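So the structure is just underneath, and the comments pick up after that.
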Amino acid sequence: MAEELNVTLREATGKGVARTLRRQELIPGVVYGKGIAPCPITIDPKPLKKIISGEAGWNTLITLVGDGPFSGKVVVLKDAQIHAIRRNLTHADFLVIDLSQKGSFMVPVQPIGKSAGEMMGGSLQLIRHELEVLCLPTDVPTSIDIDVTALNIGDVLHIADVAVPAGLEFPHDVNFTVITVVGHKEEAVDGEEEEVAEDTEE
């Protein structure tokens with residue numbers, strides 16, 4: 001079920017307008033997608049932040065409510081600008097989606113278990129923190145769970161090795177690495193290095 005977000009049609013644009021909105025603790029945004037011309041809007045970032053802080057994150061389905069052509073449209077947060085220091089939202093872009101059509105979504109990767117390589121002192125490295133999936137908007141998973149318990153040091157898990165959940169597709173042209181397990185390099189003891197150096201001196 002989509003979350004509702006009240007937004008306001010914004011007629012004025014430009015940096016000056018954006019600064020004025022932010023002083024009012026509001027932010028500018030844009031709605032775009034199939035069946036609607038790009039539409040500038042004004043957003044209260046507090047309810048938006050609450051919506052996307054849920055389990056589905058940016059993939060949360062949102063129904064926009066307000067006086068404008070966007071009202072009643074189901075959207076997802078497609079892009080956002082975040083203040084470098086304060087870490088608050090400063091701009092948001094929403095993409096209108098068709099619930100009956102498959103779309104592209106980025107879903108976080110979640111390793112499950114502890115790998116055999118880690119048990120031996122190795123380190124699991126998550127190369128891809130998110131994977132692109134194609135699916136219906138209502139079928140987007142909260143994470144792609146990958147069982148890593150069988151991975152040993154030196155093992156590499158590629159996208160082609162990841163089990164595809166029902167109803168999803170992984171679009172990819174390259175069989176890229178998702179997870180790998182690496183070993184720790186043995187560090188030479190300083191005392192041993194000094195002994196070797198002394199032995200080589202005449």
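The table that follows gives values for the structure above.
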quantity: Distant-in-sequence amide H partners of residue 90 (H built 1.01 Å from N, under 5 Å); calculated: 81, 82, 83
quantity: Net length gained if the chain between residue 145 and residue 177 were fully extended (0.36 nm per residue, minus Cα distance); calculated: 10.0 nm
quantity: Rounded to 5, percent antiparallel among DSSP beta bridges of the chain; calculated: 70
quantity: Mean residue ellipticity (222 nm) of the chain, computed from DSSP H runs ≥ 4 via -39,500 (n - 2.57), nearest 500; calculated: -4000 deg cm²/dmol
quantity: Nearest-ten-degree value, helix 190-200 long axis tilted from longest Cα axis of the chain; calculated: 50
quantity: Restraint check, 50/102; 34/78; 78/102; 34/102; 49/78; 15/49, Cα-Cα greater than 18 Å; calculated: 50/102; 15/49
quantity: Alpha-carbon centroids, region 118-146 and region 49-81: separation in whole Å; calculated: 23
quantity: Mean Cα-pair separation over length for region 103-182, i.e. relative contact order, pairs under 8 Å, 6 or more apart, %; calculated: 41
quantity: Amide N proximity, region 82-106 versus residue 164 label position 7 Å along Cα-to-Cβ, cut-off under 18 Å; calculated: 101-106
quantity: Positive-end residue, the chain charge dipole about Cα centroid, Cβ charges, pick of 62, 117, 175; calculated: 62
quantity: In Hz, Karplus ³J(HN,Hα) per residue of region 118-124 (6.51, -1.76, 1.60; θ = phi - 60°; x = Gly, Pro); calculated: 5, 4, 9, x, x, 10, 7
quantity: Cut-off under 5 Å, modelled amide H: who pairs with residue 179 long-range; calculated: 127, 157
quantity: Sparse-neighbour loop sites [GluC sites (Glu not before Pro); region 87-142; at most 13 other C-beta within 10 Å; DSSP]; calculated: none
quantity: Under the Karplus curve 6.51 cos²θ - 1.76 cosθ + 1.60, θ = phi - 60°, whole-Hz ³J(HN,Hα) for region 28-40, x wherever Gly or Pro sits; calculated: x, x, 9, 10, 8, x, 4, x, 8, 6, x, 10, x
quantity: Sequence of 67, 145 once ranked by neighbouring C-beta atoms within 10 Å, starting from the fewest; calculated: 67, 145
quantity: Percentage relative contact order, the chain, counting C-alpha pairs under 8 Å, at least six apart; calculated: 16
quantity: Spacing of the two label points (7 Å from each Cα toward its C-beta) at residue 88 and residue 20, in nm; calculated: 1.9
quantity: Entry for mean projected area of the Cα convex hull in nm² (calculated from the structure that is shown) out of [x] 11.0; [y] 18.4; [z] 17.0; calculated: [y]
quantity: Residue-count net charge about residue 142 - beta-carbon cut-off 13 Å; Lys, Arg +1, Asp, Glu -1; calculated: -4
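Read-outs throughout are calculated quantities, based only on the coordinates presented, and are distinct from any laboratory measurement. Keep in mind that what you see is a predicted model, and the values were worked out from it rather than measured. We place every Cβ from the backbone using ideal geometry, glycine too, and count neighbours over all the protein chains shown.
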